[in-house]
Structure formats: C-alpha cells, structure tokens
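Below is one structure, written out as structure tokens, with a few remarks after it.
Where a number appears in this text, it was derived from the coordinates with a stated rule and is not lab data. Quantities reported herein were computed from a predicted structural model and do not represent experimental measurements. Cβ coordinates were reconstructed from backbone atoms using ideal geometry, including for glycine residues, and neighbour counts include every protein chain displayed.
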C-alpha cells in the first residue's frame, strides 16, 4: 500500500519529520507507512506516523504538541472500531521492558530545538530496541499486553463496555511469518 503524503509542509509536522528520519530503518524491517504523517488529526495539532507489516504488526508514533506536549510509541496488533478510530496493542515501552530496556510511555516533546531532539530520541529508541522485540514476539505476549493497563482492550471497553463483539476488529498476527525468516 502506498500512502499519499500531503503537502502540509508549512509546519513540517513532527510525524513527517520522524518519518523522514526513520523511513529507511523501518522499511528495512518490512514496515510500510499507512498514514499520512503530514496530516493534522486533532484540534491539538496531533500528527502520527503509522506503519504496518505483512506479519500483522503495527508501530505507531503519535505527536501532540498543543495539549500534552508529548510523543508516544505504540506497537502490536491494530484494534479498529467504526466511527471511533483505532488503538494498537499497548505502549511500545511495555514490549521492550521484557528485554530490560527502559523507555518512557510518553516523551516530553518540548519547544523549539527540543522537538527535533525528541524526534531523534524516539527514532533512536526504536532503532536500538526493535530487533529483540521482533525476534521474540508471539501472540501470547500481544494478548497479555492488550489486556494490561493502557492496552487496546482497555481502550475498546472505554467505548463499548465489556462486550466488544461486533464493535471491534483486531488485525491478524502471524508469528510463523517471522519465524520463517521473512521480514515483518
């Protein structure tokens, strides 16, 4: 899938700048951009760069400079709900903690030159931690983190209550795809 990237270059959105930095690295692991990182998606100037893989894994980086002044990385399967949006399994920091990496759930975005330093830190953190996650990820880990605090199940139940039934579609994950030596 090829994503058309808009021409909103007046701000050079944070997500667009992240994508310019991390594109080759993520593509090298089989992740493809599936959202327009130049699009502003909320009144709080939120932008995001979402990537998917043929194994069914997603990685998403959200930037919100106006309200929380933060950035976050989410990872895992995509939980989609009509008219509500989507969530990924959980914060990336919860996945990498299994391998003794200590990443924040939220990065303080900052102002001025600090924004580019934060974008660089987010990109560097993914580059130094992604390999062990991809080598070991399995469906059980995904499900446990989806059920944990901050996980996609919590997000979905906030919208639909305890019965998710027909409301939520969860992307398929194929761990065997990774084990056969394919890129994600």
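Only one of 91, 86 is touching a residue at least 40 places away in the same chain (Cβ under 8 Å) and out of contact with any helix residue (DSSP H, G or I) (no Cβ under 8 Å at 6 or more places or on another chain). Can you tell me which?
Numbers: 86 fails: touching a residue at least 40 places away in the same chain (Cβ under 8 Å).
91 is the lone residue from the list that is touching a residue at least 40 places away in the same chain (Cβ under 8 Å) and out of contact with any helix residue (DSSP H, G or I) (no Cβ under 8 Å at 6 or more places or on another chain).
Going through region 64-84 one residue at a time, which ones are in a strand (DSSP E or B) and over 20 Å from residue 16 (Cβ atoms)? Give the derivation first.
Quick first cut of region 64-84, residues in a strand (DSSP E or B) only: 64, 70-81.
75, 76, 77, 78, 79, 80, 81, listed by residue number.
If you scan region 31-54, which residues turn out to be outside any strand (DSSP E or B), surrounded by 23 or more Cβ atoms within 10 Å (Cβ to Cβ) and in contact with a helix residue (DSSP H, G or I) (Cβ under 6 Å, 6 or more places away or on another chain)?
Scanning region 31-54 gives a single hit, 37.
Filter region 88-117 down to residues that are more than 28 Å from residue 168 (Cα to Cα) and touching a strand residue (DSSP E or B) at 6+ places or on another chain (Cβ under 7 Å), then give me how many there are.
Qualifying residue count, region 88-117: 3.
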